[in-house]
Amino acid sequence: MLILECPYCGVVADETDLHGGGEAHLKRFGPGSSDEDFQTYLFHRANPKGVHFERWRHVSGCGKWFHAARNTMTLEVYGTYSAQTYEPPKAIINAVIKKHPEWEGYK
Amino acid sequence: MSNAVSALQGASFDGYCKVEEAGLVGMITLRGDLSSAGVAKAVKAATGAAMPGQGEITEGAKGRAGWMSPDELLLIVDHAKAADFVAAASKSLAKEHALVVNVSDARAVYRVTGDAVREVLAKLSPADTAAMVPGQIRRTRIAQIPAAFYLTDEKTAELICFRSVAQYAFDILKDAAMSGGEVGV
Ligand SMILES: [Zn+2]
């Protein structure tokens, strides 16, 4: 069972209290973008075996969206953080690097 | 106005814990900047309670104030006075980015009493009810529906859900509290 701490409530919620929102930190390509960019934005998602950044919603709690950094293979959670950011905060990156010095990095 | 009735009109069940529908309960949703003095004042005026911190529910002479999210509170008051409180708070918060709505008749409230009240809730919800103490409120789910609950003392919990699922909530609470269903026997 995946357990994440909602950064807004401080509640430690299991995944039945949450709703997954897929890959985090996507850059939106909307009207006026190239077909290729638009296609990539709509359909292409990272599917790593390892460190992954995701969006989650505390759906039966506060209702807010937040971000989580976790490992898709071990289910280890490196941390959760606010939705109001374009990229993972330094503390989260450091938590990942501490566990996986060989990690290729975000992006 | 027609005569207001609660969803299950005080239905009750005796198991190893008692489950009662709490009847008419006034409930107000207040959304806004929880750090603003105006919001704190409106909370005080409606309930007499202090502003709750994250995950807390406070009690005052006229009601309770529960923290629902970083920008939302639930004020629990006398059903007959809810409309007046909404009118007063809407007026006092007119200049702020805030929203005050009477949701009393959109909800149902249950009271669960008994020594094993935490066990009854734990059967239905993923919340760590063993760690909960009076003064905390938890928004979560019970079985398949959203719910919020808090302990008023070690043997009493109050649970709020949508009125549209009032019967479902009562049925699963009854099932969880049924005699013979005690945990660890
Ligand atoms: Zn939350």
Under the Karplus relation with 6.51, -1.76 and 1.60 and θ = phi - 60°, whole-Hz ³J(HN,Hα) for the range A:52-58, x at Gly and Pro, equal 9, 10, 9, 9, 9, 10, 7
Ranked by Cβ crowding within 10 angstrom, fewest neighbours first, how are B:67, A:56, A:65, A:103 ordered?
A:103, A:65, B:67, A:56
Could you tell me which of rounded, prolate or oblate describes chain A, using a ≥ b ≥ c as the square roots of the eigenvalues of the alpha-carbon gyration tensor, with rounded for a/c under 1.5 and, failing that, prolate when a/b is larger than b/c and oblate otherwise?
oblate
Among residues other than residue A:80 whose Cβ falls under 14 Å from its Cβ, what is the net charge (Lys/Arg +1, Asp/Glu -1)?
-2
Convert each backbone phi in the range B:150-162 into a coupling constant with the Karplus relation 6.51 cos²θ - 1.76 cosθ + 1.60 (shift: θ = phi - 60°), then list the ³J(HN,Hα) values in order as whole Hz, x for Gly and Pro.
8, 8, 8, 8, 5, 10, 9, 10, 10, 10, 10, 9, 6
So who's got an amide H within less than 5 Å of the one on residue B:56, skipping anything under 5 residues away but keeping other chains? H placed 1.01 Å off N, in plane.
B:67, B:137
Past the 30 Å Cα-Cα mark, which pairs from A:64/B:41; B:44/B:123; A:64/B:91; A:49/A:90; A:90/B:41; B:91/B:174?
B:44/B:123; A:90/B:41; B:91/B:174
The range B:81-139: which trypsin sites (Lys or Arg not before Pro) are DSSP loop and have at most 12 other beta-carbon atoms within 10 angstrom?
B:95
Semi-axes of the equivalent ellipsoid for the protein assembly as shown, Cα gyration tensor, largest first, Å:
38, 25, 17
For the range B:12-176, Rg(Cα) over 2.2 N^0.38 Å is 1.02
Cross-link partners of residue B:155 among aspartates and glutamates (Cα-Cα below 12 Å; sequence separation of 8 or more within a chain):
B:115, B:119
Kindly write out, for the range A:90-107 in residue order, the coupling ³J(HN,Hα) from the Karplus curve 6.51 cos²θ - 1.76 cosθ + 1.60 (θ = phi - 60°), rounded to whole Hz, with x marking Gly and Pro.
3, 4, 6, 4, 4, 5, 5, 4, 4, 7, 10, x, 8, 4, 6, x, 6, 5
R0 of 45 Å, Cβ-Cβ distance residue B:54-residue A:43: FRET efficiency to nearest 0.05
0.70
Quick query: amide H of residue B:11 versus all other amide H atoms, modeled in the peptide plane; which residues come in under 5 Å with a sequence gap of 5 or more or a different chain?
B:21
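No value in this document is a laboratory result; all are computed from the given coordinates. Keep in mind the model is a prediction, meaning the values are calculated, not measured. Neighbour counts are summed over all protein chains in view; Cβ atoms, including those assigned to glycine, are modelled from backbone coordinates with ideal geometry.
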